[in-house]
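Let me begin by presenting the structure, written as structure tokens, before commenting on it.
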Amino acid sequence: MRKYLFFFVLLYFFGFIRPSFIFSASNFTTDYNTEYNVLENGNANVIFNVTLTNKTSQFYASSYSINVGFKNITDVVARDASGIIKSRIVKTDDGNSIELVFNKKVVGLNQKRLFSVSFSTQEIAQKSGMVWDINIPGLARQNEFRNFNVKVTVPKTLGAPSYIKPNIHALDGNVFSFTKEELGESGISISFGKEEIYEFDLSYHLRNNNLFPVKTEIALPPSTNYQDVTIEKIAPEPLNVVKDQDGNWLAKYTLSPSKELEIKVTGKARISLHPKKQIESKEKLALYLKPQTYWETSDKKIKELAATLITPYEIYEYVIKSLKYDFSRVSGNLPRLGAKEVVNNPNSAVCLEFTDLFIAIARAAGIPAREVNGFAYTQNSKEKPLSLVKDVLHSWPQYYDYDLETWVMVDPTWGNTTGGVDYFYTLDFDHFAFVIKGANSIYPIPAGGYKTKNDDSKNINVKFSGNFTDSSEIISISENFNSDYSSFEKVSGSILVRNIGNTLSTPQTILVRNDSIFPSEQKIGLVSIPPFGYLEIPVTFDRQSLLTNKEANITIQVNEESLTKNIKISPFTINKWSVGGILFVTLIITAAIIKRAWNLPFLGKKR
């Protein structure tokens, strides 16, 4: 009796589709030549050219099913040599399944069935701000396919790609070709564009529950080696904005007792694909090797891993292959586990655990590493999940590359959830840093984390923008010197340098000159100042001779801006400091004279 087999071969994307049963594929071989043709309008035509070969004389295939991994497809056509093949589209949780019933059965040893399935979709190519992204799902269970070749054709107007994942050498102008071995289980990601620009509107909610005033601060999105940030408005304006040792911009406020304060911050960010050089001292890099809460570098298992995983890439590969992303923890808002906990319980991780484990192993291996929290743009929360969905926050690590002399960002979470897309050698334009945590694993808090009790509002609004205007740096200087000084005191004062522009100022030199007191010239290094921030820099000149009586002009210059302060130095100058000193000395001398002359008991004896 002839045996019949209704043979189903399914094409799985990212391993998200889990059939309850699979007919054995050992009796057939499948070869795919797949074409993705992206059009100018962003629509894409997809063609699966499939060869199904019967390896036995006992079985035949009468039907076939392909899960295409896209939720929206149109114009589905299936055909073989005998004409149109009857097809049916079935909705699934993660896309659509195209089910075919062949016109003729594939009967006989080595008999082949050549057929094609074509459709259109708008889910492959998207223009996001300044960047075009081409994203094609990956191939799971690739051992079920003898060959699987992919050709992607894009419009020539897109120009050269900024990156291709996986990285290949088979380029023919605007045509990109991939083999099964090159694809592995990861998908294809191709990006066109030089930079991405975001505009942001952030809300921070603060409350002082104390009966006395408190000083507090919020973290603004900073400029880093990957991004340039401009702050257009802060309302209300802070007392100052300072830069900490990790490069964060911290806006300072004072809150009155029992007061609530909502702070609105707007600005823009320009994201680059490759980092600028950022040379760090050995002393500073040593800070990023220390253990911290959630980064338990002295844990036995972490130390054992660090002894064998000696490069950042080895650590990255271990993390993405060892941990399992737990989507239930995102909605459940469960507590952060940390590296020590997740290395022993790897089946329940979110982006914080992927980040913590990478950092802990890296630091234990002598590789400086730290954490980044921020916004991440995603169009598919299963491929590229976020930990805090309401405010689209994400976490990823960075390590210091001694050869490149800069910090390099990687994303092991998305490397895991996309089935192996490269987020080590090349990141993307989708990661926008809000804070960097290196000196402390839990501080500062990123935008989106400043909420008062029962506050469930959305505090982060980020959207694409079409332009980023490089504003010229605007530095203002003022001085705080007295007009008159006594000759027996040092001439001292301060310079107030304010950044009244909207972007980070560059390090500069303050030149202080004078025409008659020493030193005649001082050069003071000025570190970069965040927008809305200021620095007060003390300046001191040597003490003059007791009988000095002269005037001096102190000139202060920063870039093209300068100011001059005229001061007078004399033996008889009376100011608020000399008056106080003279009065104090006079009182002591007078009291001593009176005591000695009259020997008053109330001045020196107890009654």
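The values are calculated or read from the model by the stated rules, or taken from the named source; none is laboratory data. In this text, all values refer to a predicted model and were calculated from it rather than measured experimentally. Ideal geometry is used to build each Cβ from the backbone, glycine not excepted, and the neighbour counts take in all protein chains shown.
Numbers at a glance
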read-out: Selected residue (only one of I495, I554 is under 22 Å from V242 (Cβ atoms) and at pLDDT 95 or above); value: I495
read-out: Single unsatisfied condition, S162 versus (1) touching a residue at least 40 places away in the same chain (Cβ under 8 Å); (2) over 19 Å from E123 (Cα atoms); (3) surrounded by fewer than 18 Cβ atoms within 10 Å (Cβ to Cβ); value: (3)
read-out: Condition met for S189 (closer than 27 Å to P275 by Cα and part of a strand (DSSP E or B)); value: yes
read-out: Hey, T157 farther than 25 Å from T417 by Cβ, touching a residue at least 12 places away in the same chain (Cβ under 8 Å) and either part of a loop (DSSP other than H, G, I, E, B) or under 26 Å from the mean Cα position of the chain (by Cα) (or both) or not; value: no
read-out: Criterion: assigned to a loop (DSSP other than H, G, I, E, B), assigned by TED's automatic domain parsing to the domain that holds K290, over 24 Å from N461 (Cβ atoms) and touching a helix residue (DSSP H, G or I) at 6+ places or on another chain (Cβ under 7 Å) - qualifying residue of L337, L404; value: L337
read-out: Test result for H431, touching a Leu at 6+ places or on another chain (Cβ under 8 Å) and surrounded by 21 or more Cβ atoms within 10 Å (Cβ to Cβ); value: no
read-out: Of all residues in segment 275-297 being of a type in the set (V, I, T) and surrounded by fewer than 14 Cβ atoms within 10 Å (Cβ to Cβ), the one that is farthest from R370 (Cα to Cα); value: I279
read-out: Which numbered condition K300 misses (of (1) surrounded by 12 or more Cβ atoms within 10 Å (Cβ to Cβ); (2) assigned by TED's automatic domain parsing to the domain that holds A369); value: (1)
read-out: Candidate set from segment 447-470 (those that are touching a Gly at 6+ places or on another chain (Cβ under 9 Å) and among the aliphatic types (A, V, I, L, M)); member that is farthest from G129 (Cα to Cα); value: A447
read-out: Which numbered condition R79 fails, given (1) part of a strand (DSSP E or B); (2) over 46 Å from the mean Cα position of the chain (by Cα); (3) surrounded by fewer than 14 Cβ atoms within 10 Å (Cβ to Cβ); value: (3)
read-out: Set Y423, Y377, Y450, Y443: member being surrounded by 14 or more Cβ atoms within 10 Å (Cβ to Cβ), over 30 Å from F178 (Cα atoms) and among the hydroxyl-bearing types (S, T, Y); value: Y450
read-out: Flag for N49 being part of a loop (DSSP other than H, G, I, E, B) and at pLDDT 90 or above; value: no
read-out: Residues being surrounded by 16 or more Cβ atoms within 10 Å (Cβ to Cβ) and at positive phi - total across segment 230-264; value: 1
read-out: Failed condition for T121, given (1) of a type in the set (S, T, N, Q); (2) in contact with a Lys or Arg (Cβ under 7 Å, 6 or more places away or on another chain); (3) surrounded by 15 or more Cβ atoms within 10 Å (Cβ to Cβ); value: (2)
read-out: Test: V410 is touching a strand residue (DSSP E or B) at 6+ places or on another chain (Cβ under 8 Å), of a type in the set (A, V, I, L, M, F, W, C), modelled with pLDDT under 90 and outside the structural domain of I168 (by TED's automatic domain parsing); value: no
read-out: All positions within segment 193-226 that are part of a strand (DSSP E or B), small (G, A, S) and closer than 21 Å to I529 by Cα; value: A219
read-out: Total residues in segment 418-460, condition assigned by TED's automatic domain parsing to the domain that holds E296 and of a type in the set (D, E); value: 3
read-out: Segments classed as strands (runs of 3 or more DSSP E), wholly inside segment 445-544, with at least 3 members that are touching a Lys or Arg at 6+ places or on another chain (Cβ under 9 Å); value: 475-480, 508-514, 534-541
read-out: Filtered residue count, segment 124-148, keeping only those that are touching a Phe, Trp or Tyr at 6+ places or on another chain (Cβ under 7 Å), farther than 28 Å from N467 by Cβ and not aliphatic (A, V, I, L, M); value: 7
read-out: Some residue of segment 112-123 being modelled with pLDDT under 85 and farther than 20 Å from V76 by Cβ; value: no
read-out: Candidates N380, N347 - the one that is among the polar types (S, T, N, Q), in contact with a Lys or Arg (Cβ under 7 Å, 6 or more places away or on another chain) and assigned to a loop (DSSP other than H, G, I, E, B); value: N347
read-out: Answer residue from segment 523-570, given it is without any contact (Cβ under 8 Å) to a residue 40 or more places away in the chain and surrounded by 15 or more Cβ atoms within 10 Å (Cβ to Cβ) and is farthest from E237 (Cα to Cα) among those; value: I524
